[in-house]
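The values are calculated or read from the model by the stated rules, or taken from the named source; none is laboratory data. All figures in this text were calculated on a predicted structure; none of them were measured in a lab. Cβ coordinates were reconstructed from backbone atoms using ideal geometry, including for glycine residues, and neighbour counts include every protein chain displayed. Please note that ligands, DNA and RNA were not included when accessible areas were found on the heavy atoms of the full protein model with its side chains. Shrake-Rupley method; radii C 1.70, N 1.55, O 1.52, S 1.80 Å.
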Amino acid sequence: MTLADASNVTMNLPRRDARDKLLGRTRYTVDRKHPGMLHAALRRSDIASARIIKVDITDASRMPGVRAIALAADAPGMHGIGIADHPLFARDAIRFHGEPIAAVAADTQAQAQAAAAAIVVETEPLPAVLSMADALAPDAPLVHPEWRSYQVLVEGGVRGGNVAWEATVIRGDTEAAFARDDVVVVESCFRVGRQNHVSLEPRAVVASYEDGRYHIETSTQVPWTVRAMTAKLLGVPAAQVRVTVPPVGGGFGQKFDCTLEPYAAILARKTGRPVRLVYSRQEEMLTCLCRENAEIKIRSAVTKNGEIVGREAVVLMDCGAYGGEQIFLTTMTAHTLGGNYRLGSVKLASRAVYTNTPPNGAFRACNGVYNTFALERHTDEICQKIGMDPLEFRRRNVLGDGDIGATGQVFEGDVLGPMLDRMKRWRETAPSRKSLAARRLYGRATVVGTWFIFVGPSTATINLNADGSATVITAGVEIGSGTMVQALPQIVAYELGLHPDQVVVRSADTDAAGFDLGVGGGRTTVSIGAASRAAAEDVRRKLLAVASEMLQTPPDRLKLASGRVEIAGKEGSGTSIAAVVQRAHEVIGPVVGSGAFTKPGVTAMPGCAAGHFIDALDLPVFAVHDCEVAVDPDTGHVEILSYKVVQDVGRALNPRAIHSQIQGGVTQGLGYALHEELTIGQDGCIRQNSLETYRVPLALDTVPVEIDLYEGAPSIGPLGAKGAGEVPILNVPAAVGCAVANAIGRRVQQTPLTPPRVLGLLLGREPDVDLPHIGDDWWDNVLMKRPS
């Protein structure tokens with residue numbers, strides 16, 4: 001078989017959905033309407049912690065237009081990740097301000113909201129723990145007094161009290177490293193706040209109940225998770241739930257879990273009519289599954305020539321009232337805070353902590369963003385302490401081919417080092433923007449970051465149509481990244497000798513597509529792309545077998561190109577793919593191919609990682625960012641003067657698409673670094689309840705991002721590709737934080753770097769971040785026992 005020219009797969013294919021999205025024609029879930037459709041609203045708690053004495057729906061159920069009301073008894077199951085700790089409705093206890101207690105379906109949205117407000121909830125207030133320091137205090141009230149009774153879904157994590165999950169790494173002897181007389185010990189503390197996704201389309205669902213099955217149309221990144229979780233919560237077989245997904249108006253991880261779908265499903269079953277539930281912007285601000293707030297203490301033992309012989313760290317992650325995604329994300333500390341650099345020995349503890357606050361969730365590059373901020377700021381503090389140039393320190397210590405990561409994983413290929421070299425040359429040849437700072441304080445920093453592609457099982461089926469075009473069926477979702485309309489058509493078209501315009505990718509439908517982990521973690525191009533490529537190879541084999549008979553030529557002398565099957569070396573020979581498909585209909589039937597992919601399973605060092613969902617990274621991805629800033633000494637305002645990115649992309653299938661992901665990721669990261677801030681009041685309610693009080697980057701806040709795509713790193717992705725959408729945000733707070741610290745000559749220990757906070761640092765009025773609830777002895781911070 002003659003393979004297609006690999007260079008043909010790389011192209012700046014424009015997005016076929018761009019025009020409709022630009023003109024507002026795209027129909028998201030929030031735009032869906034059905035005949036007889038009802039509208040739903042939730043009755044939420046207005047207290048952070050309480051015992052429920054009574055829920056009275058008498059008056060609400062008699063109100064105009066009300067068709068059904070759902071309560072805890074309608075959803076007997078519990079869900080969660082690792083631990084099934086989360087009921088759909090608050091039952092006996094309320095654990096956060098805004099927790100759903102009941103759901104109402106009515107003829108109009110206003111009627112549903114009025115009835116929800118009329119539901120009487122009688123409670124007995126209980127003490128609430130609103131911070132991780134409070135939650136970890138020896139006499140703290142338990143958010144889940146019954147935590148021991150919960151179903152354990154994944155074995156291995158240590159739990160206890162308000163610690164929902166604890167993951168640890170122990171490799172080597174850190175005590176001996178810190179006791180050496182030739183090392184300098186550097187200790188740092190950091191604190192970061194929550195970040196809201198602010199996706200264009202809020203969470204939305206339309207559910208119906210027909211022929212004894214649920215049909216859920218929803219704005220989600222994980223159709224198969226929604227299918228499984230809805231079935232579990234409702235206590236029905238998963239086969240009774242069908243999930244379809246229209247275009248999704250942004251997710252960034254917020255929709256990487258099942259949230260509002262079961263409410264609509266219950267109400268649809270009760271009423272026999274379609275039910276629409278859409279969260280308001282205020283609900284999204286108050287109950288969004290935010291990037292969690294976190295606290296980090298890290299210390300390192302470093303020789304004077306820059307060798308890191310020991311590192312210990314504790315990361316506290318606020319999961320809110322329920323464990324959710326944060327239980328899984330405790331895993332990532334090993335690969336983010338414990339990433340980037342060679343470590344002689346290491347101890348890491350990553351703890352998801354319950355508080356009586358709204359639950360958190362996944363967010364682009366998840367805990368990697370703040371762990372990279374902490375790690376890179378700590379690295380600069382090391383360099384300052386030992387008097388070494390930060391670039392030189394990083395170049396000496398970044399992980400390379402054959403090096404061992406925190407969990408003992410052996411890394412393949414020299415990637416970060418050459419990327420740093422490329423950035424250094426770029427800095428030396430490109431003019432500095434320092435003159436733009438004028439009288440302001442100028443700072444610059446270059447930082448590195450390690451993330452991963454969240455690979456896992458995916459499937460794809462390809463129907464080769466009678467006209468020679470191809471239809472790809474997967475459970476992939478177009479969430480705005482363009483992967484479903486750019487990378488996947490390019491990969492399939494390359495294998496089948498078609499133009500990408502001849503490849504259609506169906507929207508997700510769990511009744512038609514096979515299982516998939518979902519869209520997120522940069523996995524779509526890699527996992528679904530690999531499955532799609534395998535399916536295309538299957539189609540290709542069948543197609544060439546038929547063409548071989550038609551052209552009286554062995555398959556290994558045939559090639560697919562420009563919609564034709566040609567004899568290699570004889571351009572214009574052969575016949576069209578459409579003609580071969582039509583012949584196939586006569587001799588073997590329609591041409592269909594299937595493909596599957598899953599993680600290869602990279603191993604870690606046995607015994608050094610505990611409580612981890614992923615011990616080693618199947619596909620690491622790296623980034624180097626450089627940032628120049630100017631800081632106004634009178635106001636504390638930070639201006640970005642320049643921003644450069646060298647990003648590991650494996651192979652750039654669509655450079656234009658990758659550039660747009662990097663531009664967007666950096667912009668989102670700048671919001672997190674500079675001004676997006678959520679705070680929680682004494683009542684447990686998030687104070688920023690609208691876009692008037694939560695400052696996201698606007699068009700005029702964007703800065704030109706200079707981009708250099710680094711190709712050639714090892715990759716298990718199709719044609720050498722890696723996911724490119726997740727990692728661009730990873731280094732941004734680190735780059736900005738380090739640059740600002742260099743500009744103002746002060747320690748930067750938390751984000752966002754709002755003008756008041758920066759001015760406070762300049763004036764010496766901003767207190768140091770101190771974390772007394774994290775003990776100096778690493779063993780005092782973990783539930784596992786110190787070895788005797």
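At-a-glance table
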item: Residue selected from the stretch 592-602 under the condition open to solvent by 40 Å² or more (accessible area, probe 1.4 Å) and touching a residue at least 40 places away in the same chain (Cβ under 8 Å), by the criterion farthest from Leu517 (Cα to Cα); result: Val592
item: Which numbered condition Leu700 fails, given (1) over 25 Å from Val415 (Cα atoms); (2) open to solvent by 40 Å² or more (accessible area, probe 1.4 Å); (3) at pLDDT 95 or above; result: (3)
item: Close pairs from the stretch 115-129: first closer than 14 Å to Pro100 by Cβ, partner open to solvent by less than 30 Å² (accessible area, probe 1.4 Å) and assigned to a helix (DSSP H, G or I), Cβ under 7 Å, at least 6 apart; result: Ile119/Ala60
item: Residues within the stretch 736-788 that are within 30 Å of Val158 (Cα to Cα), crowded, with 22+ Cβ neighbours inside 10 Å and touching a Gly at 6+ places or on another chain (Cβ under 7 Å), tallied; result: 2
item: Tally, over the stretch 205-230, of residues that are among the aliphatic types (A, V, I, L, M) and more than 18 Å from Phe256 (Cβ to Cβ); result: 2
item: Near pairs, Cβ below 8 angstrom, 6+ apart or cross-chain, from the stretch 408-434 (in contact (Cβ under 8 Å) with a residue 40 or more places away in the chain and open to solvent by less than 40 Å² (accessible area, probe 1.4 Å)) to any residue that is in a helix (DSSP H, G or I) and of a type in the set (Lys, Arg); result: Leu420/Arg394; Leu420/Arg395
item: Condition broken by Val158, with the remaining ones in (1) more than 30 Å from the chain's Cα centre (by Cα); (2) at pLDDT below 95; (3) not small (Gly, Ala, Ser) satisfied; result: (1)
item: So Tyr672, is it aromatic (Phe, Trp, Tyr), buried (at least 18 other Cβ atoms within 10 Å of the Cβ) and part of a helix (DSSP H, G or I); result: yes
item: Candidate set from the stretch 648-701 (those that are over 21 Å from the mean Cα position of the chain (by Cα) and among the acidic types (Asp, Glu)); member that is farthest from Gly712 (Cα to Cα); result: Asp683
item: Output for the stretch 350-386, where each listed residue is of a type in the set (A, V, I, L, M) and either more than 28 Å from Arg746 (Cα to Cα) or within 21 Å of the chain's Cα centre (by Cα) (or both); result: Ala352, Val353, Ala362, Ala365, Val369, Ala374, Leu375
item: Verdict on Ile473 being touching a helix residue (DSSP H, G or I) at 6+ places or on another chain (Cβ under 6 Å) and either over 30 Å from Cys738 (Cβ atoms) or open to solvent by less than 10 Å² (accessible area, probe 1.4 Å) (or both); result: no
item: Helices (runs of 4 or more DSSP H) wholly inside the stretch 266-364 containing at least 1 residues that are of a type in the set (Gly, Ala, Ser) and in contact (Cβ under 8 Å) with a residue 40 or more places away in the chain; result: 324-329, 333-336
item: Test: residue in the stretch 584-591 that is surrounded by 15 or more Cβ atoms within 10 Å (Cβ to Cβ) and over 40 Å from the mean Cα position of the chain (by Cα); result: yes
item: Among residues of the stretch 488-512, those that are of a type in the set (Gly, Ala, Ser), closer than 21 Å to Gly250 by Cβ and open to solvent by less than 10 Å² (accessible area, probe 1.4 Å), counted; result: 1
item: So Ala623, is it surrounded by fewer than 24 Cβ atoms within 10 Å (Cβ to Cβ), of a type outside the set (Asp, Glu) and more than 17 Å from Phe252 (Cβ to Cβ); result: no
item: Thr407 being among the hydroxyl-bearing types (Ser, Thr, Tyr) and assigned to a helix (DSSP H, G or I); result: no
item: Number of positions in the stretch 440-451 that are in a strand (DSSP E or B) and farther than 25 Å from Lys424 by Cβ; result: 0
item: Residue in the stretch 453-465 that is small (Gly, Ala, Ser), surrounded by fewer than 24 Cβ atoms within 10 Å (Cβ to Cβ) and on the phi < 0 side of the Ramachandran plot present; result: no
item: Output for the stretch 709-729, where each listed residue is hydrophobic (A, V, I, L, M, F, W, C) and closer than 23 Å to Met484 by Cα; result: Leu709, Ile716, Leu719, Ala721, Ala724, Val727, Ile729
item: Matching residues, the stretch 626-650, being surrounded by fewer than 22 Cβ atoms within 10 Å (Cβ to Cβ) and either outside any strand (DSSP E or B) or of a type in the set (Ser, Thr, Tyr) (or both); result: Asp632, Pro633, Asp634, Thr635, Gly636, His637, Ser642
item: Residue in the stretch 279-297 that is more than 21 Å from Arg364 (Cβ to Cβ), open to solvent by less than 10 Å² (accessible area, probe 1.4 Å) and modelled with pLDDT of 95 or more present; result: no
item: Gly720 vs. criteria surrounded by fewer than 18 Cβ atoms within 10 Å (Cβ to Cβ) and more than 30 Å from Leu441 (Cβ to Cβ); result: no
item: Any hit, the stretch 354-371, residues being modelled with pLDDT of 95 or more and farther than 30 Å from Glu677 by Cα; result: no
item: Residue satisfying condition, being modelled with pLDDT of 95 or more, surrounded by fewer than 18 Cβ atoms within 10 Å (Cβ to Cβ) and closer than 26 Å to Arg191 by Cβ, within set Ala117, Ala72, Ala133; result: Ala133
item: Residue satisfying all of: in the stretch 724-781; of a type in the set (Lys, Arg) and over 30 Å from the mean Cα position of the chain (by Cα); nearest to Ala673 (Cα to Cα) among these; result: Arg746
item: Ser61 farther than 22 Å from Val245 by Cβ, open to solvent by less than 40 Å² (accessible area, probe 1.4 Å) and among the hydroxyl-bearing types (Ser, Thr, Tyr); result: no
